[in-house]
Amino acid sequence: MTLLALATFAGSVALAAPDAPAETVHVSGRRHRKAERAKVTARHSITIDPFRATWPAFHGRYELRLTPHLGVDVAAGTGTYNPLALRTATALTGTELPDLQLTEFEGAMSVYVGGRFARGVQLGVTARKQTATADVVWLEDETTGASSASAVNLASTTIGPHLGLKRVGKKGLTFQARVGAGWAMASASAVTVMSAEGAALPIPLATSYTGPTVFGNAGIGWSF
């Protein structure tokens, strides 16, 4: 009986005692976002400029993470320089411009301020080399056989600081954009050949420019 009474008493005490409060962990929204960003550990990024594809031209960039706050990248592009703004201007003015074949190479280094390689603000320096060629037929008379044509060559080297923004999602989808201003050293040459009655007269022309310039690009791609 004594044992039964003790068991009954212990049971009634256990039923009467309130449940112990469970431990809860509250994570602020800011800490949660930081934790999500920390999960992105990409070391490589490959992006393609979607705007230059409309020229049409190809421009691709590869970036390597040296440290969480430092990256280096190289880029290359080739194609026709004929952006939408230029096409609109020529359509409104009724002028016709020759196709300009563009090739470019670029190298840059970026420090990620206020963030890291996976997502942050880029502050760095860019060096870029561009060359372009075009063949222009100014006059061609089938009756007399007279013609005038030019071969144009352009070259430009630019170096200067850039400011950019980069975002990498947890699945690797990447967006980046940057703008910059620098110093350009450019030269242009053209040889115009005037032909008539079997005779040809070449007329060379050359000019150069050294001074400030602006540049920029955007990219969409993948990081891993």
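Mind checking the alpha-carbon convex hull of the stretch 42-223 and giving the volume per residue in Å³? Mind dumping the intermediate values first?
On the way: hull volume 22.6 nm³, N = 182.
Taking the convex hull of the Cα positions in the stretch 42-223, it is 124 Å³ per residue.
Is the stretch 85-178 rounded, prolate or oblate when judged by the Cα gyration tensor, a ≥ b ≥ c being the square roots of its eigenvalues, rounded requiring a/c under 1.5 and prolate requiring a/b larger than b/c?
Prolate.
With contacts defined as alpha carbon pairs under 8 Å and 6 or more residues apart, what's the relative contact order of the stretch 42-223 in percent?
Numbers: 489 pairs, mean separation 35.7, N = 182.
Relative contact order here is 20 percent.
I'd like the distance separating the alpha-carbon centroids of the stretch 122-191 and the stretch 66-108, in whole Å.
Here the answer is 5 Å between Cα centres.
What is the set of long-range amide H partners of Gly124 at a cut-off below 5 Å, with H atoms built 1.01 Å from backbone N?
For Gly124, the qualifying residues are Val111, His162.
Readers should treat all values here as calculations from the given coordinates under stated rules, not as data from a laboratory. Here the structure is a predicted model, which is why all the values come from computation and not from measurement.
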